[in-house]
Structures are given as C-alpha cells and as structure tokens.
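Structure record follows, encoded as structure tokens.
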Amino acid sequence: MQFSFGMFCNNLKSYTEIQEQRDRDTLTGLYNRNRYERDLPEIFAQYQNSLACVYIDANGLRETNNVKGHDKGDKMLRTVATEIRRHFDTEYIYRIGGDEFVLFVPEADEAKLKMQSEELSSALSKVDYSISVGIQCDKNISSLSLLIKAAEKKMYAEKKKYYEKHNRRRTHM
C-alpha cells in the first residue's frame, strides 16, 4: 500500500510538471500561446463587463537576433517578460508569438494602465530595449476578438512610429 501511494504521489507530481510545461513559455516563464487560446473563453465569460487588453511588442528583436545572435534576443525577451510581470499585477500575461505579449486586466483603469506601460517602457529603455504598446479598455464586451484586435492595432501604430524614427536595418542595442 505504501508503495502504491508513493507511486501515486510521484505520478501526480509528474503530471503537474507536464501540465506546467504545456502552459508555460520555456524562455520567459509566462503563459504561452496554448494557454492563451484555452483561457480566452473563460476570460470573456468572467470579465465581459469590464476588461482591458494590453498588447506589447519588443522592438528590434529581429535585428538583435540577426546581428548579435539569438542569445542576445533571448535575453531581451526574458528581460521584457520580467519587467512586464513587475509592472502589471495580473495573472493573465502571455507570450503569444516571437516578440509579442498580451495581457488582460479585469476592471482596469485606462489611465493607470497607460502610466504602468510608460513606466515599463522607461525601465526597459534604461537597459536599451524598446517596446510598442497598445491598450484597449472596454465595458460590456461583445467580442473578445475585437478587443484584442483594437489593442493590437494601437500597438502596430506605435511600432510604425518607432520604425519611422529608427531605420529598420539599424540594430537595436
């Protein structure tokens, strides 16, 4: 009986570790795209009365990878992820693509989110990294997809401004 219980505990631990690996981005420790896709229906059901989406893109990742190597690009992504966690108090933080991060903040104050994103950007600029951020806050949400697309569109507008100031070919330090 003791052996069986020990095996059960070991199997349960292994199962929990596999679940965690399935849901986490190995580079940043944030939730990954798989978890993001699974969480969307629950987030919508739970917070459709008031929800904000913050869409973040790390500027210059491709250039950093191409010129300085992927280890430097990986460092950039880990730093951005760490700072996102430090500046935003939400359980819904995802790395959904190479250099794209999405956060959901229930019942958020837009002015506070803008301040937090400015503080995040400032902290990253101190280590020579840059981000583009799009924020969309809505109440009585009819479509989570539209909320996300609106934040993404704002982020791309910021990214466009960044690359108009910085030659695309120039390496981001």
Residue in the range 43-61 that is nearest to Lys161 (Cα to Cα), counting only those that are in contact (Cβ under 8 Å) with a residue 24 or more places away in the chain and assigned to a helix (DSSP H, G or I): Leu61
Long-range neighbours under 6 Å by Cβ, at least six apart or interchain, first residue within 18 Å of Thr82 (Cβ to Cβ) within the range 22-42, second open to solvent by 90 Å² or more (accessible area, probe 1.4 Å): Thr28/Arg78
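Suppose we keep only residues that are crowded, with 16+ Cβ neighbours inside 10 Å and aliphatic (A, V, I, L, M) within the range 106-122. Which one would you say is farthest from Lys72 (Cα to Cα)?
Ranking the qualifying residues of the range 106-122, first place goes to Ala108.
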Residue ID - farthest from Leu27 (Cα to Cα), chosen from residues in the range 67-105 that are open to solvent by 30 Å² or more (accessible area, probe 1.4 Å) and in contact (Cβ under 8 Å) with a residue 60 or more places away in the chain: Val67
Failed condition for Glu63, given (1) open to solvent by 60 Å² or more (accessible area, probe 1.4 Å); (2) at pLDDT below 95: (1)
Glu83 being at pLDDT below 95 and acidic (Asp, Glu): no
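The values are calculated or read from the model by the stated rules, or taken from the named source; none is laboratory data. Source: prediction; values computed, not measured. Note: ideal-geometry Cβ built from the backbone for every residue, glycine included; neighbour counts use all protein chains shown. The area values use the complete protein model at the heavy-atom level, side chains included, leaving out ligands, DNA and RNA. Shrake-Rupley method; radii C 1.70, N 1.55, O 1.52, S 1.80 Å.
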